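To start, the structure under review is shown below, and the notes come after it.
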Amino acid sequence: MVKNREFLGSSWRNQMFPYPAYLRRILHDRSGILTPRVLCSSADRDVVRKHNKTKQASSPQVIRTSKKERSSCQLILEHFDHQYSEELGDLWASVRSVLLDPPSWQYGVLLNRFTVATDVKRVLLSKGFSTLLPQKEALTLPGALRTVFDADCQTAKGSLSKFPSDNSHLRLDNGSRAPIQQAQSEARSGPPSSPLQCYIHHFPLRFPSQAHRPGQLKQYYLLNAASLLPVLALQVQDGEKVLDLCAAPGGKAFAIMQCATPAFLCCNEPDRHRRDRLTKTLESFLPRSLSSRVAVSAQDGRSFGQSEAEIYDKVLVDAPCSNDRSWLFSSAGQQVEQRLKERGRLPRLQVQLLRSALSAVRPGGIVVYSTCTMSSSENFAVVEAVLKDCPEAEPEDLWEEIALPLSSYFTFSPAHRGLVPNTRSARPERGRVSSYDRRLGILVVPQPCKTWGPMFLSRLRKRK
Ligand SMILES: C[S@@+](CC[C@H](N)C(=O)[O-])C[C@H]1O[C@@H](n2cnc3c(N)ncnc32)[C@H](O)[C@@H]1O
């Protein structure tokens, strides 16, 4: 993640409204200069040029010199060039340009249903954000939890009551909103409605992360919107027992709790420091009333299936992987050698984790396997290896359920097992890949203006 990225597009910074301090900061403390690096069309570039010109003319004092650019690691890049030009073919050039350009990366804002986030929603809409998924009606909590939850909410409400009802002064340039609206209407027939309230923007506008507020839950979580797809694929229902086998820092556990109220969610993380981060995430986002339903455990995920065999309805394996984005920017010196060696060892660990997950899930239950790398040896090859020796596992098609309906927002690559698609377009195309191959999993690849991913996901059902 890039720290301290500019929140772009805040052309209202000099206006004073009775917003609470943290939202005033969002509205007023940022320069508002749009980055014209990876934009889709000349119309987009015009919007940006117009916006920045007005910005610079009207408030020169807000222009800041750009933050120090992060440098990528040449050796890792060469390694990626070699591997991904083979695995992704023509697509690799555009993926590469996005990976090397952190200012072009988009961020999603996932609202916390356990807080009153009307004010945040208002600011997001006023800045041209819109929801990724058609909204389902607000979730209800089981009766016994409701009173306690309402009490938790009251704490948050106090600071939000002074909000102005009229936000007409906060309208964003219509031009920058159009593409996402178009994408939304295209997708409206397809994407499943969901209680997940994730807001995204066509441009790489970065909402600042929310500081700790003593006694109050955080209202939103910033994330790569593609990381919601494994959670959607998990289809968690109220009352289910769910295991998040590799849980830290807790983004997907948080998202799971936005989708439903499971009877029990076990968040497992063997690394102590990462487990601390996980615990903090859960404390910052979930009301105390849910603490009896959410547990943190510290097992090696490889042995989880033995110790808790066939207990869970749903298991998420968001596996340790060679995270393409962070490896490209956080590897230096000896770390590079070490990381490349580690890359070779990861598939074995991933296979063991996925097998363990299949042991932990009940017959008829489902396991979702995900990574944030495009490497086929950590993705399709892992799923294939597990299917070979787990005849009880059946892969399910996410192409129809997730890739096609969400193709306006995400770019799904049909590349698999080293096969090279000979096309520049990565929009799902029927008939390109056999139905068996499609069932092994789907891969989101970052593209200009759809910079989400990398994210691979596969869903296996344990036969009854
Ligand atoms: C990709 S991260 C998980 C991210 C998390 N699901 C989220 O959304 O915030 C993978 C995690 O797996 C953990 N891990 C590594 N080896 C593991 C093992 N043997 N068993 C379980 N988890 C492991 C890592 O420490 C790391 O926190």
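The values are calculated or read from the model by the stated rules, or taken from the named source; none is laboratory data. Model, not experiment: these values are computed from the prediction. Ideal geometry is used to build each Cβ from the backbone, glycine not excepted, and the neighbour counts take in all protein chains shown. Keep in mind that these areas ignore ligands, DNA and RNA; they rest on the heavy atoms of the full protein, side chains included. Shrake-Rupley method; radii C 1.70, N 1.55, O 1.52, S 1.80 Å.
Points worth noting:
- Per residue, the average separation of C-alpha pairs within less than 8 Å and at least 6 apart gives segment 228-272 a relative contact order of 48 percent.
- Two-site label geometry, ALA93 and HIS212: point separation in nm, points 7 Å out along Cα→Cβ: 4.9 nm
- For LYS462, net neighbour charge (Lys/Arg +1, Asp/Glu -1) across residues whose Cβ lies under 12 Å away: +2
- Placing dummy labels 7 Å off each Cα toward the beta-carbon, the span from LEU75 to SER307 is 3.6 nm.
- A full extension of the chain between THR279 and ALA332 corresponds to an added length of 16.1 nm, given 0.36 nm per residue minus the alpha carbon distance.
- Residues ASP244, ASP397, sorted by accessible area with the largest first, give ASP397, ASP244 [1.4 Å probe; ligands and nucleic acids excluded].
- Protein-only accessible surface at a 1.4 angstrom probe places the residues CYS372, CYS266 in the order CYS372, CYS266, largest first.
- The packing ranking of peptides 73-79, 358-364, highest mean first, is 358-364, 73-79, where packing means the average number of other beta carbon atoms within 10 angstrom of each residue.
- Computed extension gain for ALA263 through THR118, at 0.36 nm per residue and net of the alpha carbon distance, reaches 49.4 nm.
- Placed amide H near GLY108: partners under 5 Å, 5+ positions off or other chain: LEU223, ASN224, ALA225
- Ranked by the mean number of other Cβ atoms within 10 Å of their residues, highest first, the peptides 222-233, 96-107 fall in the order 222-233, 96-107.
- Phi-based couplings in Hz for segment 108-118 (Karplus 6.51, -1.76, 1.60; Gly and Pro marked x): x, 10, 9, 6, 9, 5, 8, 10, 8, 10, 4
- The 3J(HN,Hα) values that the Karplus relation (6.51, -1.76, 1.60; θ = phi - 60°) gives for segment 307-324 are, in residue order, 6, 10, 5, 6, 8, 9, 7, 9, 10, 9, 10, 8, 6, x, 8, 7, 3, 4 Hz. Gly and Pro appear as x.
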